[in-house]
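Okay, structure first, notes after.
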Amino acid sequence: MPSSSSSSSSHITTKIAQHTSSSQSRPFWSLEFFPPKTSQGQANLLARMSRMNATLSPQWNHVTWGAGGSTKERSLELAARGQRGVWDPVVPMEGVREDLDCEAAMDSCLHLTCTNVDKDSLDETLEEAKRLGIRNILALRGDPPRGDEYWVAADSRFQRATDLVEYIRQSHGDFFCIGVAGYPEGYCDSLDQDIDRDVRFLKAKQDCGADFVVTQLFYDVDVFVEWYRRCREAGITIPILPGIMPIQNYQSFRRMTNLCKSKVPPTVLAALEPIRFDDAAVKEYGVHLAISMIARLYLETDIRGFHLCTLNLEKSVRRVLEGLGWVECQQEGAETLPATGAKVPSFKSRDTHANIDYRAVTEEALARAQAAAKGANRSAAAATSDATWDEFPNGRFGDARSPAFGEIDGYGVSLKVPPADALRIWGYPVSDDDISAIFSSYLVDKIQCIPWCDAPIFDETLAIQQWLLALNAPGKGWWTVGSQPAVDGVSSADPTYGFGPRDGYVYQKAFVEFFMSESDKDALAARIEAEGQGKLTFFAGNRRGDFETNMPQGGQVEAVTWGIFPGKEIAQPTIIEEESFKAWRDEAFDIWREWESLFPKRSATAQLMREIGEKRWLVTVVHHDYKDEAGLWRFLRADVAQPQAAPQSPSPTTVVSAPGKVLVAGGYLVLSPAYPGLVISTDARFYSVIAAGTAGRLSIRSPQFTQAVWHFDLDIESGALSLSSESASSPYAGRSPFLCLALVYSLALAYQRVPLPALRAKLAQGLEITVVADNDFYSQKAEGSEDAPTSQYLSSLAPFHPLDVAIRDVHKTGLGSSAALTTSLVSSLLLHLGVVRTLENDDDLALALAHNTAQLAHCAAQGKIGSGFDVSAAVWGSQIYRRFDAKVLEPLLASIPKIPVTGAPKGEAGELASLRDVESLGPHLDPLQQPLWKPSPLSATTTSNAHPTAFEGLAATTASSTSLRPAPLSLPAGISLLLADVDAGSNTPSLVSSVQAWRTKKPEWAKQLYDVIASSNSALADAFARMALAQGGAADEYKETLEWAKGRKSSEWGGVSDGCGHGHAHGVHDGGETGTSSSTRLAESETGRALIAARDALRSTRAGMRELGRLSGAPVEPDSMGRVLSAAIDGVPGVLGGGVPGAGGYDALYVLYVEAEGRREALEEMLRAAGKREKGESERLRVGVLMSGAGTGGVRAESLQAVRGLRERAEGVIM
């Protein structure tokens, strides 16, 4: 029976107190449900909730609140029916007395958000909740409406959850028990994710009147336990209930963790990877993982209450509680569909007064779960053989009667990707043909998603791919968002179509769903009526709510996929019927609105989206003859030749980019893991484009250079790879080590990790690879001018401007071109060949493998193990870099493979006979197998000679102990990076050799100087972190401080005490305002103090590097470069500082400045003028400002169409 049966509703805190007073060891839990989209789904959820309350004994239920209040009515009704125990949907709520004593009643906690709420609507909701007897509220800030990148309050009185808590408490006293959200991994909407700050915010919620905490979902128990400890130490005494969501299927799990920005331990990702397409195995693993998490929390902390997110599904939650031994296994009972009331199976409840040793029971459960998780995929079929009719999340083609029908993340309609990614992937379409190109690109794997689907196409789509391409073709433009081929009784074990238990058979009717014009819809409906012979059913709807179908009113559900299994009822996992179609129609057209909202209202793209949404219809067509594979497509006149039974997919085009870098602090020091380096990735990028080519040949072209073409011959079966003789002997190409070794190691890894049949299919048509770089990677020269090019000239150049020189003769700008090239090429090959499935930022395993492979190729090409920060920045983006342990690469670099020349006799030692001969790379490159790759921020803080930074401290609080990525770094808001090319050139290896030789000769002096420089570098990173925190905590003050600082030279900013009685008074000799009220104003705010600290750290770092150059004899900052830098730093207002990046020399310089109108132009003018004054020296400095600055992110997959100029540069090569 339910654990609550009282005549009046109870506060959650009262229930917790009563529970814990009776037993300190007995656990308790609550269940969370969301309002289904359809009335039938709501009715069946009520039946399910009634049964779960009776059999699983929760203390109370939660009912979620849709983003922006989109589910207000349904949420209130669901919470009220549970509160009063009115589970029969045909019984009106109005007829039930509020004080009715009902055994079936269960206290409800209604979620409530600030999003899109004003005082009047909030008052109305709270009064309605009181009237319905709901006494528990979970007060949340809420999520931004889709299309908005950042949260904006609809009512200035309700900016935060604390505002909501205060208002409810002030307006309604103690009537409501108020819960709030906690974020063990940091608030998901914060850019910097500061755990200590979020704990302070949580303490503020308690101080405002919050009674309990429910946490965001998480999957790293270690992270949670540490956060929980901090909460208690901070004085948070109210109950904290961890939010646990058993994994139901892979796609929903990744989407949910992405939306919540939850960090998934690599061990979990690794366990899911081989079973990701097997829903039953994933679900089984999710049960064991949830048991393990809950058991650990119970055993390792004093937590006894748990919040279980059901996703409106029953079996996983039930099996978790049974597996823990906290409820007894129920006898199986069939679920009635549709349900009009609860059908409660025979159940034996735990006696609440029984003498149960819960610790012993839970210890046993933990051991079982950990052992079972390792074999989840092997036992999944047996575990799910008794699954109820809808025990998996129901998407678009699920049953509308299911309680879990529709989206399950509470976010409502969305584009499935962040706005920036949407623009990058889909670009800026301005015509119907552009939209057709996007849908067609998705069908051939050129892009990984469309707004209606965030998963790559399934294997079964390949069987009808050519027909779908014909429908989506320009001119026809029937844009498909759902489809499946006809299938006549294939085995349930079939890898493409199979599902369910073995020894069964699967059937499918062909169907397709698309957007089409109204005239095309009318013509199609008329043809179905006249020529369909009863074999076709259609549904059609538009944004206005119009609906058409040829099914009779009240027609039956259309099952389009079904399975027959021994001893089982016929399973129908995919259906199409009126109510689910209408629900999906509304969402599908709302997605057009979301896409439109990314663009300015008057733009051509926004107008196109608006017109499509207003004029198109969504149409679903089902062909009932499942024995006629081509019947549907013939009728739709998808005029293509009939595909073969197992058509090969055209080789997709893969595009990957990687950024350049600027090492603003840490030159030379980064060779030791004890010292941090501050690396900023640039928005200048290298691009690698891979497409099908000629069978047996792999070709790489770099069209920005003269005759830069490399042809390789590959025998797929043997793995023999050779460089064509014309490429090897070319004076323009030759054996380019970075290209050759990137190719060798990427292909070798593919041979070791990808099954040969799959690899054979990927390589069957050969590969055509185009490599290009943004213009800033190379020194540009205006024709007829000896001066450095101006910004105006650089901005006039076409993207990927051809240089008309041999690649060996190009002058580089010091942005890390070889690392960006290697990283983009390696990553594109790994992605194209299927070694990794994605390069998304949240996939640490894929990115770490790409990083490790690129580091190997780059080091092998250089013939030594370098610092590695340039490759790391190309993969991970801006960061606090600490070097990996060089021992990890030493075994592989002992023998660097050489590619032989086609047809030439074996010559040099080490020539590669076959890619299969390359040493097994897994033990060296796999980030889970090889801990020496792990970046150091978590461990470095404990070593005696390390120099930890605030960013690393933040990373340590937000990342799990198994995190694979370095600590992220970002420039504070309002601070920009200016880069300048100094076309004089330096020999970086000789500089490094000179410094290393001095360090070897004078180790004690070197350590002292390195420690001093490292302290300055760490101070710079900490100043950036302080500025970010100041901006987040006091935005107005931050803005005012930068506004003041940008109008004054940094020498006029004054000094600030360092907290030890020491003061810094830079600029006194310049006659600045030090000591006056104007200069001390900056030091009065936290932003100002952090800004001054950043300036001082930059000066100290620069002074230390100059001293390093003087002592070692290496021109780390040559005098002429120093004078140019000082002219900009001292002569232009708002400049924090600058330096010569990396190893120094004459390659480049950088300046950090407060953003202001015309500031960049002033800096350019000053730098150019200062460079000209140095022309009398032998260096002849030509200082030209680059167009790029600080970028965002590291390596990433791109869309060929979305990168300006890339398609044109690649045409003739891959098109």
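Please treat every number below as a calculation from the coordinates, not as lab data. None of these values were measured; they are calculated from a predicted model. As a convention, Cβ positions derive from the backbone with ideal geometry for all residues, glycine included, and neighbour counts pool all protein chains shown.
Data overview
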{"read-out": "Fewest-first sequence of LEU598, LEU723 by Cβ atoms within 10 Å of each Cβ", "value": "LEU598, LEU723"}
{"read-out": "Order of SER970, SER1120 under a 10 Å beta carbon neighbour criterion, fewest first", "value": "SER970, SER1120"}
{"read-out": "Difference of contour (0.36 nm per residue) and Cα-Cα distance, MET1187 to SER785", "value": "142.8 nm"}
{"read-out": "Hz values of 3J(HN,Hα) by residue in segment 827-844 - Karplus curve (6.51, -1.76, 1.60), Gly and Pro given as x", "value": "5, 5, 5, 4, 6, 5, 8, x, 5, 10, 8, 7, 10, 4, 4, 8, 9, 4"}
{"read-out": "Amide H contacts under 5 Å for LYS661, placed H, 5+ residues apart", "value": "THR682, GLY816"}
{"read-out": "Convex hull per residue volume in Å³, alpha carbons only, for segment 193-291", "value": "101 Å³"}
{"read-out": "J(HN,Hα) series, segment 861-874, from Karplus relation 6.51 cos²θ - 1.76 cosθ + 1.60, nearest Hz, glycine and proline x", "value": "5, 7, x, 7, 8, x, 5, x, 5, 5, 5, 4, 5, 5"}
{"read-out": "Residues whose placed amide H lies under 5 Å from that of VAL901, excluding near-sequence neighbours", "value": "LEU723"}
{"read-out": "Relative contact order %, segment 1093-1215, counting alpha carbon pairs below 8 Å whose residues are six or more apart", "value": "17 percent"}
{"read-out": "Kirkwood-Stokes translational diffusion coefficient of segment 435-579, alpha-carbon pairs, 20 °C, 1.002 mPa s, µm²/s", "value": "126 µm²/s"}
{"read-out": "Relative contact order for segment 756-821, counting Cα pairs under 8 Å that sit 6 or more residues apart, in percent", "value": "39 percent"}
{"read-out": "Coil-residue GluC sites (Glu not before Pro) of segment 742-789, DSSP, other Cβ within 10 Å capped at 12", "value": "GLU783, GLU786"}
{"read-out": "For segment 1094-1111, Karplus couplings with θ = phi - 60° (6.51, -1.76, 1.60), whole Hz, Gly/Pro x", "value": "5, 4, 5, 5, 4, 5, 5, 4, 5, 5, x, 5, 5, 5, 4, x, 5, 6"}
{"read-out": "Pairs beyond 26 Å (Cα-Cα), from LYS661/LYS1001; LYS934/LYS1007; LYS263/LYS864; LYS446/LYS781", "value": "LYS661/LYS1001; LYS263/LYS864; LYS446/LYS781"}
{"read-out": "Least to most buried among TRP1044, TRP426, TRP479 (fewest other Cβ within 10 Å first)", "value": "TRP1044, TRP479, TRP426"}
{"read-out": "Per-peptide average of other Cβ atoms within 10 Å, ordering 581-594, 19-32, 240-253 highest first", "value": "240-253, 581-594, 19-32"}
{"read-out": "Computed FRET value (nearest 0.05) for THR838 with GLN752, which takes r as the C-beta separation and R₀ as 25 Å", "value": "0.80"}
{"read-out": "Anchor LYS568: lysines whose Cα lies under 25 Å away (excluding residues fewer than 8 positions away in-chain)", "value": "LYS283, LYS315, LYS343, LYS509, LYS627"}
{"read-out": "Burial order of peptide ranges 1152-1159, 743-750, 1101-1108 (average beta-carbon count within 10 Å, highest first)", "value": "743-750, 1101-1108, 1152-1159"}
